[in-house]
Amino acid sequence: MPYSYDDQNIFAKILRGEIPNDTVLETDHSLAFNDIQPQAPVHVLVIPKGPYVSHDHFAVEASEAEIADFMRATAEVCRLKGVSLGDGGSGFRTISNAGSHGVQEVPHYHLHILGGRPLGRMIEQG
């Protein structure tokens, strides 16, 4: 089944300028902004500007330029927010949720960058 992108999702509206955001970084192919409900002192969302639903969709269909831009934008956000190990930060976590089992809330690929404090274990047994 092909990926189905909903162009009315909140991130698509942010990309079109219909909804404001607290921009951290914007590049040719990516937008990074502070999460409106932060779960850590640093909580930034990085999204591609293209219509991708999930990480696997992005990895399969994005151009080399989009992929390189997204990865470098992610590194730059980590540097700007002071969590990059390369710049003396204490580290961070990246999370990408996909589909119902991954508890994805917005059907536009996005990467959470969380840091600024110890984050605990990744998944509790349950």
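Table for the structure above
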| item | result |
| --- | --- |
| Enumeration of residues in segment 39-62 that are under 13 Å from the mean Cα position of the chain (by Cα) and not small (Gly, Ala, Ser) | 42, 43, 44, 45, 46, 47, 48, 49, 52, 53, 55, 58 |
| Search result, residues across segment 78-99 that are closer than 25 Å to residue 49 by Cβ, part of a loop (DSSP other than H, G, I, E, B) and without any contact (Cβ under 8 Å) to a residue 40 or more places away in the chain | 84, 97 |
| Subset of segment 47-77 [without any contact (Cβ under 8 Å) to a residue 60 or more places away in the chain, among the hydrophobic types (A, V, I, L, M, F, W, C), buried (at least 18 other Cβ atoms within 10 Å of the Cβ) and under 14 Å from residue 27 (Cβ atoms)] | 62, 70, 73, 77 |
| Tally of residues being at pLDDT 90 or above and in a loop (DSSP other than H, G, I, E, B) across segment 100-126 | 15 |
| Yes/no for residue 120 being free of Cβ contacts under 8 Å to residues at least 60 places away in the same chain and exposed (fewer than 12 other Cβ atoms within 10 Å of the Cβ) | yes |
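The values are calculated or read from the model by the stated rules, or taken from the named source; none is laboratory data. For clarity, every value in this text was computed on a predicted model and none was experimentally measured. Neighbour counts run over all protein chains shown; Cβ positions are idealised from the backbone, glycine included.
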